[in-house]
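Remarks on the structure that follows.
The numbers here are math on the coordinates, done by the rules we state, and not lab data. Keep in mind that this is a model prediction, so the values were computed, not measured. Cβ atoms come from the backbone with ideal geometry, glycine included; neighbour counts cover every protein chain shown.
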Amino acid sequence: MRIPWLFLLRRLVLTIPVLGAMSVVVFLVLHLVPGDPARTMLGLRATPELVEEVRASMRLDESLPSQYLHWIEGVVQGDLGRDHLAGQPVGEIIGGALPVTFELAFLSMLVALGVGLPAGILAARRPGRVRRATEGFVILGTSIPDFWLGIMLITLFSTALALLPPSGYVPFADDPIGNLRYFVMPALALGLGQAAFIARTTRAAVEDVLRAPFVLFLRAKGVPEPVILWRHALRNAAPQIVTVVGILTGVLLGGAIVIETIFGLPGLGRVLITAIEQRNYTVVQGAVLVIAATFITVNLVTDVLVAWLDPRVADGGAA
Amino acid sequence: MSAAGAATPAAAPRRLARRREGGTWSLRVGAGIVVALVLVAVCASVLAPHDRDAISATDVLGAPTPSHPLGFDEAGRDVLSRLLYAYRVSLGVALGSVGVALLVGVPIGLVAGFYGRWIDLLLMRPIDMMLAFPALLLSFVLIAVIGTGVRAAIIAIAAIFIPVFARVVRTAALTVSSLAYVDAARARGASNLSIMLRHVLPNAIGPALVQASILAGIAIQIEAAISFVGLGVQPPTPSLGVMLADGRNFLSQAPWLEIVPGCAIAVSVLGFILLADGLRGRLDPYGVSR
């Protein structure tokens with residue numbers, strides 16, 4: 001498999017305007033709020049001096065384009081502004097929260113793939129009861145809200161069985177086992193619903209490949225079923241599965257916002273929710289920017305991965 | 001149709017028949033659930049056995065009894081009565097957001113798909129931009145700007161769905177616009193507007209309606225999520241999300257406060273998904289909405 005350099009380059013170039021437009025939208029969020037942003041953020045009890053100081057640091061007296069340029073210049077250099085309520089750089093707050101959200105998203109995706117892939121393959125291989133069971137699982141997984149599943153997991157594993165801590169967090173570097181114990185339930189809550197989608201996509205993709213004429217040929221040639229499944233069917237179904245993984249990352253990043261709140265994980269979602277409640281717009285901007293940029297990057301990576309797995313995509317894209 | 005090709009010829013019609021039967025089954029069950037939900041929501045004030053706000057200090061977190069089959073909440077209010085009103089609010093938010101998204105998204109998709117070229121580009125670029133945000137994040141961004149409450153929740157959820165409808169209708173409109181009967185209408189001297197409304201829209205709306213059913217179910221989940229974290233519907237107005245948030249701290253004493261609204265959400269989502277499945281065979285034979 002050759003690496004689709006041209007496609008990669010094309011996709012990279014196409015990502016730049018998306019990132020730019022996204023940053024404009026995020027920037028405008030603060031300015032669409034009625035009233036003086038500095039005053040809204042600081043609340044009624046803020047001293048006029050403080051309001052003036054914040055106005056000056058955000059350059060609120062300048063024109064919108066100049067404010068944007070000033071802001072984006074900082075963002076590109078990793079400066080997301082200052083949290084005027086806590087007196088801390090926004091970059092620092094987000095930098096501390098980012099590993100938590102990434103770990104949650106990563107572990108949830110592991111759960112989703114670990115459950116969804118085998119379920120999908122099983123359903124494609126054995127029509128009938130297994131397939132119907134998978135379909136039931138898919139409908140159930142879609143119907144049950146992930147955060148409610150989280151609450152139910154807490155009831156079962158923390159309240160009733162006292163096996164896992166209901167909420168909290170320790171960094172992985174300090175205590176790997178303790179860290180994972182805190183992540184088991186959030187990852188299950190967030191991942192199981194996605195597993196349903198992975199299972200459905202995998203089943204459809206593998207079924208399609210198993211029906212292809214070349215599989216009939218392989219069978220006729222006497223190639224053992226496991227080899228057909230692992231080397232041929234999954235290999236050809238991979239691009240579709242990767243595409244869904246990319247889409248689901250967006251769902252995961254959104255879902256993490258709520259799941260973190262339930263399990264007391266100090267991630268980006270918690271930062272965002274608290275900032276919205278406090279009308280702390282510099283932090284809202286920073287958090288939204290980072291989450292959206294992550295999503296755009298993941299989409300870029302999955303697109304390139306799909307092109308690498310299925311060269312037809314890259315050729316079609318470059319033509 | 002390669003499924004039928006792989007099977008024996010005799011099995012093909014049977015399988016097709018079974019699939020159609022399956023569609024009817026999910027249509028019936030799904031439509032049944034959805035109609036029942038809407039009736040419950042509309043008739044909440046008649047069906048509720050007690051006053052939803054009546055507080056009974058002696059029954060705080062009381063277990064279910066024959067006259068209060070779903071027990072009492074943390075303020076001693078009847079859970080069943082609150083649930084019925086919560087349904088009204090949650091379903092209202094869900095259908096409201098889908099309605100708003102249809103009203104905005106369908107015309108955009110219709111015009112973009114019908115005219116194509118630079119109009120398509122001009123309309124669809126901002127729509128694609130919205131898709132660059134993870135769905136829930138987009139809702140929270142809007143809430144940060146417009147605030148909380150029922151109306152804000154409707155707008156925040158509708159924003160997620162607008163690109164979905166615009167894209168689905170655009171794809172269908174693109175296909176329909178190149179068909180012979182559109183050319184015929186044009187040759188007859190029909191105006192663009194009348195072609196769009198009389199010929200393209202009716203043939204392009206099916207997939208969007210299938211999506212609308214799925215999205216109504218998803219909207220119920222999103223309402224619950226944003227109200228649960230305190231940024232959606234605000235108490236004392238009951239919604240399914242508000243009920244879940246209220247009951248959270250009493251999980252060990254009164255688990256029904258969490259189980260009841262959660263199951264209520266799951267059943268409604270199930271209803272809308274089944275309805276969409278059933279509708280797909282009738283409204284979207286080419287599978288655009290998949």
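Quick rundown of the values:
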| item | result |
| --- | --- |
| Cα centre as origin, Lys/Arg/Asp/Glu Cβ charges: region B:85-290 dipole, Debye | 560 |
| Under the span-like rule (Cα at least 24 Å along the axis, Kyte-Doolittle mean at least -0.5), DSSP H helices of chain A | A:5-32, A:90-125, A:176-210, A:234-263, A:281-309 |
| Amide N proximity, region B:149-177 versus B:SER194 label position 7 Å along Cα-to-Cβ, cut-off under 12 Å | none |
| Rounded Å value of the spacing that divides the Cα centres of region A:175-213 and region B:79-133 | 29 |
| Convex hull volume per residue in cubic angstrom - Cα atoms of region B:85-290 | 118 |
| Sites A:TRP5 and A:ARG235 - FRET efficiency at Förster radius 35 Å, r taken between beta-carbons, to 0.05 | 0.95 |
| ³J(HN,Hα), Karplus 6.51/-1.76/1.60, whole Hz, each residue of region B:117-127, x for Gly, Pro | 6, 5, 5, 4, 4, 4, 7, 7, 4, x, 5 |
| Compactness of chain A, expressed as Rg and Dmax over alpha-carbon positions, Å | 23.6, 83 |
| Residues whose placed amide H lies under 5 Å from that of A:ASP83, excluding near-sequence neighbours | A:GLN88, A:VAL90 |
| Sorted peptide list for B:147-156, B:40-49, criterion being average Cβ within 10 angstrom, highest first | B:147-156, B:40-49 |
| Charge-dipole axis of region B:85-290 as Lys and Arg at +1 and Asp and Glu at -1 on Cβ define it, positive-most pick from B:SER90, B:GLY206, B:MET129 | B:GLY206 |
| Filtered GluC sites (Glu not before Pro), region A:1-81: DSSP coil and at most 15 other beta carbons within 10 Å | A:GLU62 |
| Of the chymotrypsin sites (Phe, Trp or Tyr not before Pro) in region B:207-290, those whose Cβ has at most 12 other Cβ within 10 Å and which sit in DSSP loop | B:TYR286 |
| Tilt relative to chain B, helix B:256-283 - C-alpha long axis, 0 to 90 degrees, to 10 | 20 |
| Positive dipole terminus of the protein assembly as shown, leading residue within A:THR40, A:PRO239, B:ALA44 (C-beta point charges) | A:PRO239 |
| R0 of 60 Å, Cβ-Cβ distance B:THR65-B:TRP118: FRET efficiency to nearest 0.05 | 0.35 |
| Check: the protein assembly as shown dipole with +1 on Lys, Arg Cβ and -1 on Asp, Glu Cβ, in debye | 3080 |
| Amide N of region B:256-273 lying under 20 Å from the label point, which is placed 7 angstrom from the Cα of A:LEU164 along Cα→Cβ | B:258-259, B:262-263 |
| Mean separation of Cα contacts under 8 Å, 6 or more apart, over the residue count of region B:85-290: relative contact order % | 27 |
| Rounded Å value of the spacing that divides the Cα centres of region A:1-26 and region B:154-206 | 30 |
| Viscosity 1.306 mPa s, temperature 10 °C, Stokes-Einstein D of the protein assembly as shown from Kirkwood C-alpha radius, µm²/s | 60 |
| Positive-end residue of B:PRO261, A:GLY193, A:PRO99, charge dipole of the protein assembly as shown with Cβ unit charges | A:GLY193 |
| Modelled FRET efficiency - R0 45 Å, B:PHE250 with A:THR297, Cβ distances, 0.05 increments | 0.60 |
| Residue-averaged beta-carbon neighbours from other chains (10 angstrom radius) around A:73-85 | 0 |
